[in-house]
Amino acid sequence: MVHFHAPCLISEYVQEVGRGGRDGQRADALTLVSEPTGWLDSDDKQRSQFFESKTRSLQQKAQQLARKIPPQGEVSAISRQYQEGAIALGYLHSIGKLVWQDPFHYRLVGVGAPQKNAPPADAQRMHSYLHSRQCRWKSLLEQFGFRTEAQGLECGHCDNCR
């Protein structure tokens, strides 16, 4: 799996790289990171603005989906029923409106209630992931709320662990 440009959401990234290796075979993922100021390539700045717009659109879809889906359920059922369901669930988790009961089941919390603290922008989360020096697997687990499982983890396979 090669990403010429990184997705704007961590959940979108996980969904896309998860397609590699579904046949049980080894899979590698490579994500190329562009320079966001546009100094080296003016297309980079335009691309960054496009992803910010895409993120806002996904946020709106996630908020609409939160009003339609059951208060708890299975991720695969939501993914089958709604085109961008898995991405929307990931976004709802990132803003504190969803908790993962396990990697396959979710529960909505505080939907409709005002948000206490604005979380870091989704684009910033993806940027942080891409530029992190910690284990990529550990970072993904933490992003999805599996902090206990991530403690002390070093996968030994990602660019940072090697």
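The values are calculated or read from the model by the stated rules, or taken from the named source; none is laboratory data. Just so it is clear, the model here is predicted, and its values are computed rather than measured. So basically every Cβ, Gly included, is an ideal-geometry build from the backbone, and we count neighbours across all protein chains shown.
Within segment 52-64, is even one residue modelled with pLDDT of 75 or more and over 21 Å from Met126 (Cα atoms)?
Checked segment 52-64: at least one residue is modelled with pLDDT of 75 or more and over 21 Å from Met126 (Cα atoms).
Condition first: modelled with pLDDT of 75 or more, touching a strand residue (DSSP E or B) at 6+ places or on another chain (Cβ under 6 Å) and hydrophobic (A, V, I, L, M, F, W, C). Can you find one or more residues in segment 91-98 that meet it?
Yes: segment 91-98 contains one or more residues that are modelled with pLDDT of 75 or more, touching a strand residue (DSSP E or B) at 6+ places or on another chain (Cβ under 6 Å) and hydrophobic (A, V, I, L, M, F, W, C).
Report yes if Tyr13 is part of a helix (DSSP H, G or I), at pLDDT below 80, within 20 Å of Arg136 (Cα to Cα) and of a type in the set (Phe, Trp, Tyr), otherwise no.
In short, no.
What pairs come out if I take residues in segment 1-13 that are in contact (Cβ under 8 Å) with a residue 24 or more places away in the chain and pair them with residues that are of a type in the set (Lys, Arg) and outside any loop (DSSP other than H, G, I, E, B) whose C-beta lies under 7 Å away, six or more apart or interchain?
Sorted first by the residue in segment 1-13, then by its partner, the pairs are His5/Arg47; Cys8/Lys54; Ile10/Arg125.
Between residues in segment 71-88 that are more than 12 Å from Gln15 (Cβ to Cβ) and residues that are surrounded by 17 or more Cβ atoms within 10 Å (Cβ to Cβ) and among the β-branched types (Val, Ile, Thr), which pairs lie under 7 Å by C-beta distance while being six or more apart or on different chains?
Ile78/Ile69
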